[in-house]
Amino acid sequence: MVSKITAKQQHDLKAFIKELGQHKGRHTELVTIYVPVGYDLNKIIQQLQQEQGTAANIKSASTRKNVIDALERMVQHLRLFKKTPENGLAVFSGNIAPEGKQDFKVWSLEPPIPIQMKLYRCDKTFLLDLLIEMLQVKEVYGLVLIDRREGIIASLKGKSVTVLSKHTSNVPGKMRAGGQSAARFGRIRENAAKEFYIRMGEHLKDAFFENKNLKGIIVGGPGHTKQEFLDGDFITSELRKKVIAIKDITYTDEFGLQELLDSSQDILAKEELASEKKVMNKFFEYLAKNDKMVSYGNDDVIKKLQMGAVDLLLLSESLSDENIAYFEEEAAKYGTKVEIISVETREGIQLKEFGGIGAILRYEIHE
């Protein structure tokens, strides 16, 4: 399953999972059903009605009543849908009141990723594993920085960059020791470089060769070293086919990784990291050049939002769920778009330091 969830979809799904995860049944009386893409809802309703008949055999009177009533409310809820939504449907029903009381609730969700399996379950908790799995980004990009002195291998998964390994070479500097001929010293350097390329190729293989979710590899570094590494017989043909970009990068350390990401926006344009960096860079560019087009901080953003002046609302995922929900509700009143910004990027951390709330305005406001 390949995740294409936006930051806002991810936040909303997390909140949904958190809410349902709080509820516990006294017995196996909380009902979960997943309806796959294209499946006939009428067949699901028929199955639930059959389950009502089966539930009549439950020995415990309270459990029997709770299960039958939960199924009935789920059937009534499903009848509100004309057909199965595009991505399928997840429905949850049950009595969430303390023992001896009744408070039946029904929740339904069209998930951001298509449901591919049909599932029915009565349990003490709602079955949320399929939704939790949707939050787990599967696609991985390999990042490689290399010159003749050192190399670094990292992975990009969602918005997170993880350094997998760092390596130094044994290539001597350009100044040769006394008594060595230029030709002999040159051979020493070339052999040491070749040995380093071989090691880097092995480390690259260890990191990514068996990763079925590897979408591509981006290689960067100064000068022509990176091309020598790719053109030589140092990496497997399978991994060489995965190379989607080669970038000229000044550094080959963590600063170089940031530079590599910044210069690969064209390649990562459809990735959430690139999208987040793009919108945040727009916010900071306005802040530097025309601060009348932006707002930040709780009170000022609320003021601009309720004026109808906010085009795009930027909310840090570090904010409380209640705060995010409040701003989303206010934004909906004025047709304002909302972006949930992670704290896994440099720009996301900057927004957090600004109080976690920012806005790009529809027009300049002079105060």
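FYI, it's all coordinate maths here, none of it is from the lab. These numbers were taken from a predicted model, which means no experiment stands behind them. Heads up, the Cβs are rebuilt from the backbone with ideal geometry, glycines too, and the neighbour counts pull from every protein chain shown.
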Can you check what the net charge comes to around Pro111, using other residues whose Cβ is under 11 Å from the Cβ of Pro111 (Lys, Arg +1; Asp, Glu -1)?
-4
Highest average packing first - 15-26, 208-219, Cβ atoms within 10 Å:
208-219, 15-26
Need the full-extension length gain, Glu110 to Val343, defined as separation in residues times 0.36 nm minus the C-alpha distance. One decimal, nm.
81.2 nm
Please report, for the Cα atoms of segment 180-287, the Rg to one decimal and the Dmax as a whole number; what are they, in angstrom?
17.3, 58
Dividing the alpha-carbon radius of gyration of segment 1-158 by 2.2 N^0.38 Å, where N counts its residues, gives 1.33
So if I place +1 on the C-beta of Lys and Arg and -1 on the C-beta of Asp and Glu, and nothing else carries charge, what would the dipole magnitude of the chain be about its Cα centre? I want it in debye, nearest 20.
940
Over all viewing directions the Cα convex hull of segment 276-361 casts an average projected area in nm² of 4.7
Between Ala15 and Ile198, what is the FRET efficiency for a Förster distance of 41 Å, r being their Cβ-Cβ separation, to the nearest 0.05?
0.25
For the chain, with +1 on Lys and Arg beta carbons and -1 on Asp and Glu, the positive-most of Ala56, Leu313, Thr84 along the dipole
Ala56
HN-Hα J couplings of segment 140-154 from phi, Karplus 6.51/-1.76/1.60, θ = phi - 60°, integer Hz, Gly and Pro as x?
10, 10, x, 10, 10, 10, 8, 9, 6, 8, 7, x, 9, 10, 9
Whole-percent pair-distance distribution, where bins are 5 Å wide, for the alpha carbons of segment 111-164
4, 13, 18, 14, 12, 10, 9, 7, 6, 3, 2, 1, 0
I need the calculated FRET efficiency for the pair Lys124 and Ala61, taking r as the beta carbon distance and R₀ as 25 Å, to the nearest 0.05.
0.90
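Select from the chain the helices, each a whole stretch of DSSP H, whose alpha-carbon atoms run 27 Å or more along the helix axis and whose Kyte-Doolittle mean is at least -1.0; answer none if there are none.
182-208
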Just add up the charged neighbours of Gln52: K/R +1, D/E -1, any other residue whose Cβ is under 12 Å from the Cβ of Gln52.
0
Which Cα, out of Gln258, Ile365, Gln47, lies furthest along the positive dipole direction of the chain (beta carbon charges, K/R +1, D/E -1)?
Gln47
Can you flag which of Lys14/Lys241; Lys205/Lys226; Lys8/Lys212 are past 25 Å Cα-Cα?
Lys14/Lys241; Lys8/Lys212
Estimated FRET transfer efficiency when R0 is 22 angstrom, pair Glu86-Glu133 (beta carbons, to 0.05):
0.70
For the chain, whose charge dipole is built from +1 on Lys and Arg Cβ atoms and -1 on Asp and Glu Cβ atoms, the candidate among Ile96, Leu204, Ile33 with its Cα farthest towards the positive end is Leu204
Percent antiparallel among DSSP beta bridges confined to segment 276-361, rounded to 5, stands at 60
Name the residues whose placed amide hydrogens come within less than 5 Å of the amide hydrogen of Val294, ignoring near sequence neighbours (fewer than 5 apart) on the same chain.
Leu361
Label-point separation, Ile365 to Glu99 (7 Å along Cα→Cβ), nm
5.4
Under a 5 Å amide H to amide H cut-off, with H placed in plane at 1.01 Å, what residues pair with Ser165 once short-range neighbours are removed?
Ile153
Show me, bin by bin at 10 Å from 0, the whole-percent P(r) of the chain based on Cα pairs.
5, 18, 20, 19, 17, 12, 6, 2, 1, 0
Cα extents of segment 74-190 per principal axis, largest first, Å, are 93, 35, 18
